[in-house]
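As structure tokens, the structure follows; a few thoughts come after it.
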Amino acid sequence: MAHRKLAIDGFDEEHKQIAEQMQYMSTKSDSEIMLMVDQKASAVRAAITRGNSTEALERALAEPPYGRGQEAAQSANALLVAEVLMATRTQD
């Protein structure tokens, strides 16, 4: 029985390089990115209140924060997406 062998060390290095490149693509400061996530959260919660889970999910997934050093914004955005999914009824 033959098993496939993968060199996973190469994947980690490639991921690190991509994350570093993406960090420099953003022209916004950390506080601007957190403000953007907070504003998005307000719009998403308003859509949830109206019962429009599709719009809420679309807004939550739009323009996610990326790059190294944006862990707080990424975590807040992930929690926002989870909030939408937990608020969505089975019928939706």
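The values are calculated or read from the model by the stated rules, or taken from the named source; none is laboratory data. In this text, all values refer to a predicted model and were calculated from it rather than measured experimentally. So basically every Cβ, Gly included, is an ideal-geometry build from the backbone, and we count neighbours across all protein chains shown. Ligands, DNA and RNA are excluded from the accessible area calculation, which covers all protein heavy atoms including side chains. Shrake-Rupley method; radii C 1.70, N 1.55, O 1.52, S 1.80 Å.
Quick check: from the Cα gyration tensor, does region 26-87 come out rounded (a/c under 1.5), prolate or oblate? Display every interim value, and only then the final one.
Numbers: a/c = 2.57, a/b = 2.06, b/c = 1.25.
Here region 26-87 falls in the prolate category.
Roughly how much of Met36 is accessible, in Å² to the nearest 10, using a 1.4 Å probe?
That residue has around 50 Å² of solvent-accessible surface.
Under 19 Å from a point placed 7 Å out from the Cα of Glu83 along the Cα-to-Cβ direction: which residues of region 24-55 have their backbone N that close?
31-55
How about region 44-92: which trypsin sites (Lys or Arg not before Pro) there lie in a loop by DSSP and see at most 16 other Cβ atoms within 10 Å?
The qualifying sites are Arg68, Arg89.
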